[in-house]
Amino acid sequence: MIIIMVYFCSCFMDPEVVEIPPPIHQKPSRFKKQKQQTVVHNVIDLDGDDNSLVLGKTSRKRTNKGKAVVPPGLTSITDEPENETLKKLQSFKQFDTVVNTSDHHYVKNKSTIKQNPTSWAKKIQEEWKILEKHLPETIFVRVYESRMDLLRAVIIGSEGTPYQDGLFFFDVFFPGGYPNEPPHVHYHSRGLRLNPNLYSSGKVCLSLLNTWSGSKNEKWTPGVSTMLQVLVSIQGLILNAKPYFNEPGFANSRGTQNGEAQSLKYNENTFILSVRTMKYTMKNPPKNFEDLVVGHFFSRAHDILASCKAYMEGVQVGCLAKGGVQDVDEDGGKNSDKFKADLFGYVKPLVKEFKTIGVKDCQKFLLRLLQNRLL
């Protein structure tokens, strides 16, 4: 199990944010072990010929891996016959070597080797081996034949967070002083700031990257810290269920009625920014990830739209997981009317992009949403 502490980060004039130290160097675990228990929550079920969403009660068991067991009768509107798009998705490797660097953020950077070039190259190859062997199933990486100093990664947003089913891309540059100095990481923000640690400029605020002057143990440690640790930290503690509390000034309000209400409001805005990021990513997928982008959204489109519908019907943002609703915070209240109206406006262009990549029945889904709003 990875043990990660949380501490603070503040960059330039932006608000302070929580900073994340490197996790222990070992294969990441995506789930906390839990004792088996029965949890009763509202879940989203599909009922009727029009596939409308119905909120009902059910009990579901959590396994010791933290995965929800889908109750009998709960179906999915994402079932699609296998086609070329899904075949390409299924054959997309988690780690691979590619050629095209043309749209990489650091393509114009050149590494001035400050050490034996052979040692530098050997260390990066060691990083490749670690990534190829230990990547979580929701992180994909591409490295480059002609530019060992470049890397690109994408993280799939985890369920139960406002980032669920989103794709979040990061470009990496290994400087000439690596591993004595950390890699440089740029987030593909599309001009949107959907997390306190991820700036609209693309800056990733993380002491592990030495973008915040933390203590010695909190910063990059040559010979110990790895690129895998950076990616797992971003996935697990930056793209988390309640990013509002990444702001150190608000961390103490966790669990209070006001704090949880503000967290829900932040999640509402974050989900809308995530939806906008989905649209932009489909319109202009990063190179070498085109098949993943199209296949991912082709296979998840109806799930994403079902989440949008559930949120517009009152389910708290960030409480959805496969099998139903989880971790509802009674102090957080309900989604705001403004959020519901704004989300409906952003769903329409999202549906347009889904149709462009071949997803079926999206227009019917949009019409049902409109009918519900008029009732």
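Observations
- Of all residue pairs spaced 6 or more apart or on separate chains, none has beta-carbon atoms under 7 Å together with a first member in region 226-246 that is in contact (Cβ under 8 Å) with a residue 60 or more places away in the chain and a second member that is open to solvent by less than 20 Å² (accessible area, probe 1.4 Å) and among the basic types (Lys, Arg).
- Scanning region 246-261 for residues that are open to solvent by less than 30 Å² (accessible area, probe 1.4 Å) and either closer than 18 Å to residue 157 by Cα or of a type in the set (Val, Ile, Thr) (or both) gives a single hit, 246.
- When region 280-291 is filtered for residues that are assigned to a helix (DSSP H, G or I), crowded, with 19+ Cβ neighbours inside 10 Å and of a type outside the set (S, T, N, Q), only 282 remains.
- Counting only strands (runs of 3 or more DSSP E) wholly contained in region 84-170, no element carries 3 or more residues that are at pLDDT below 95.
- Condition met for residue 366 (part of a helix (DSSP H, G or I), modelled with pLDDT of 90 or more, out of contact with any strand residue (DSSP E or B) (no Cβ under 7 Å at 6 or more places or on another chain) and under 21 Å from residue 314 (Cα atoms)): no
- Members of region 200-214 found to be open to solvent by 10 Å² or more (accessible area, probe 1.4 Å) and either under 27 Å from residue 124 (Cβ atoms) or under 13 Å from the mean Cα position of the chain (by Cα) (or both), listed by number: 201, 203, 209, 210, 211, 212, 213, 214
- Residues that are within 30 Å of residue 304 (Cα to Cα) and in contact with a strand residue (DSSP E or B) (Cβ under 9 Å, 6 or more places away or on another chain) do occur in region 105-120.
The values are calculated or read from the model by the stated rules, or taken from the named source; none is laboratory data. On a predicted model such as this, the values are computed, not experimentally measured, just so you know. Every residue, glycine among them, receives a Cβ derived from its backbone with ideal geometry; neighbour counts consider all protein chains shown. Just so you know, the surface numbers come from the protein's heavy atoms only, side chains and all, with ligands and any DNA or RNA stripped out. Shrake-Rupley method; radii C 1.70, N 1.55, O 1.52, S 1.80 Å.
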